[in-house]
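Below is one structure, written out as structure tokens; comments come after it.
The values are calculated or read from the model by the stated rules, or taken from the named source; none is laboratory data. Please read all numbers here as calculations on a predicted model, not as lab measurements. Here the Cβ positions follow ideal geometry from the backbone for every residue, glycine too, while neighbour counts run over all protein chains shown. Note: areas computed on protein heavy atoms with side chains; ligands, DNA, RNA excluded. Shrake-Rupley method; radii C 1.70, N 1.55, O 1.52, S 1.80 Å.
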Amino acid sequence: MATARIVLPTHRNRDGLVDQLGRMNLGPQTPANSRDWRLAPSPFWFKFVKTTDFTPRDRFVLKGMYLPADYLRVAIDDDALQTGARGGFEVTYSNTRS
């Protein structure tokens, strides 16, 4: 009997994430009034989704892992997302605080 393998969202393109993060740096954001208030200081978030869950033109919200850009930037800088003996890179549920 074959066992089902659970596939979780992962991402291994460090340079691509660093490039995107560079485009998302607005600096500190302090709300001037209640309309400017945000849950997090940065409006930028990443969503990681399993490739098997994506269907073009599907109207449903995809399951996935949401990470604030500010957290992802710090995790990349302090090597929290490095994996393996050769220093690979991977974003997973097990090595993030999602």
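Below is a table of values for the structure above.
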| item | result |
| --- | --- |
| At most 10 other Cβ within 10 Å, DSSP loop - trypsin sites (Lys or Arg not before Pro), segment 20-57 | 38, 57 |
| Average accessible area per residue (Å²) across the chain - probe 1.4 Å, nucleic acids and ligands excluded | 81 |
| Once exposed loop chymotrypsin sites (Phe, Trp or Tyr not before Pro) are cut out (DSSP; at most 12 other Cβ, 10 Å), longest piece of the chain | 61-98 |
| Extension gain from residue 37 to residue 66, taking 0.36 nm per residue of separation minus the Cα-Cα distance | 8.5 nm |
| Rounded tilt (10° steps) of 14-23 against the dominant C-alpha axis of the chain | 20 |
| Calculated diffusion of the chain, Stokes-Einstein form, Kirkwood radius summed over Cα pairs, 20 °C and 1.002 mPa s, µm²/s | 137 |
